[in-house]
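**Student:** One structure follows; several queries about it will come next.
The numbers here are math on the coordinates, done by the rules we state, and not lab data. Predicted, not measured: the structure shown is a model, and the values here were computed from it. A quick note on method: Cβ atoms are made from the backbone with ideal geometry, for glycine too, and the neighbour counts reach across all protein chains shown.
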Amino acid sequence: MLKGAKVGLRARHDDDIPVLRTELYDDVVNSSRAGSGPWRPITPGAKDPRLVVDDEEEGHVPFSVVELEGGTLVGTATLWGIDTHNRCAHIGLGLLPSCRGKGYGTDVVAVLCHYGFVVRGLHRLQIETLADNEAMLRSAERNGFVREGVLRSSAWVMGEFLDEVLLGLLAEDWKPAPPTP
Ligand SMILES: CC(C)(COP(=O)(O)OP(=O)(O)OC[C@H]1O[C@@H](n2cnc3c(N)ncnc32)[C@H](O)[C@@H]1OP(=O)(O)O)[C@@H](O)C(=O)NCCC(=O)NCCS
């Protein structure tokens with residue numbers, strides 16, 4: 001398990017799946033804002049790639065996020081679109097509604113940076129998020145990501161086109177948080 005100050009990133013377990021499906025993906029608004037495609041329900045037991053991990057897929061590394069204290073599941077985190085030639089990748093995360101606003105998102109981004117830069121030797125990490133997603137923008141900027149541009153009207157979300165912000169962080173600009181005692 002990868003550890004931050006508050007959260008751990010571990011493999012997906014079978015009993016995470018119903019919780020993630022109900023709390024994250026069955027929520028039409030959350031799912032429409034966080035995903036890049038139209039919302040559709042996930043049938044219980046289906047091998048939906050948002051939930052069920054394909055360990056053979058090299059370019060996509062999904063984690064379940066747990067509280068370090070107690071090990072309770074709090075969400076998902078992903079390093080995706082890994083490009084080993086240009087040594088870059090994207091990061092994404094989603095927390096259960098009751099687990100937001102407690103500093104976990106900022107910590108998840110820190111752990112994904114450690115995984116991307118230290119474990120995988122990447123040179124650049126990238127995040128795309130809706131321009132009104134203050135919590136995601138702050139979680140990224142707290143870890144050193146800088147806004148590189150606005151993708152105007154790039155996301156169709158619940159009946160309207162919304163802007164997305166592109167943020168990037170280079171390995172040489174990353175300042176890892178000091179280890180917790
Ligand atoms: C986006 C998300 C991962 C952020 O994680 P979080 O744990 O809620 O964020 P944190 O508690 O670490 O807060 C980060 C910062 O955002 C601020 N913040 C948190 N919630 C906020 C909100 N609803 N509105 C405005 N600011 C907010 C915090 O005050 C903090 O600011 P600071 O660094 O200046 O103190 C989480 O809210 C989430 O899962 N949202 C739904 C899914 C999603 O949007 N995923 C991202 C898709 S790209």
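**Student:** Given contacts defined as C-alpha pairs under 8 Å and at least six residues apart, what's the relative contact order of the chain, whole-number percent?
**Tutor:** 19 percent
**Student:** Same structure, new question: Put a dot 7 Å past each Cα toward the Cβ at Trp80 and Glu67; how far apart are the dots in nm?
**Tutor:** 2.7 nm
**Student:** Here is a further query. Going by C-beta contacts inside 10 Å, put Thr76, Thr22 in order with the fewest on the left.
**Tutor:** Neighbour counts put them in this order, fewest first: Thr22, Thr76.
**Student:** Out of all DSSP beta bridges with both ends in the chain, state the antiparallel percent to the nearest 5.
**Tutor:** Bridges in the chain are about 90 percent antiparallel.
**Student:** Can you tell me how region 1-46 classifies by the Cα gyration tensor, rounded, prolate or oblate, using a/c under 1.5 as the rounded cut?
**Tutor:** Since a/c reaches 1.5 but b/c is at least a/b, the shape of region 1-46 is classed as oblate.
**Student:** To continue, here is another question. Students often forget the sequence filter, so: which lysines lie under 20 Å Cα-Cα from Lys175 once same-chain residues fewer than 8 apart are removed?
**Tutor:** Excluding near neighbours in sequence, the set is Lys3, Lys6.
**Student:** DSSP loop (so not H, G, I, E, B), at most 12 other Cβ within 10 Å: list which trypsin sites (Lys or Arg not before Pro) in region 1-87 pass both filters.
**Tutor:** Answer by residue number: Lys47.
**Student:** Run lengths n ≥ 4 of DSSP H only: what is the helix-derived mean residue ellipticity at 222 nm for the chain, with -39500 (n - 2.57) per run over all residues, to the nearest 500?
**Tutor:** -4500 deg cm²/dmol
**Student:** While we're on this one: Within the P(r) computed for region 2-173, what percentage of the Cα pairs occupies the region above 28 Å?
**Tutor:** 18 percent
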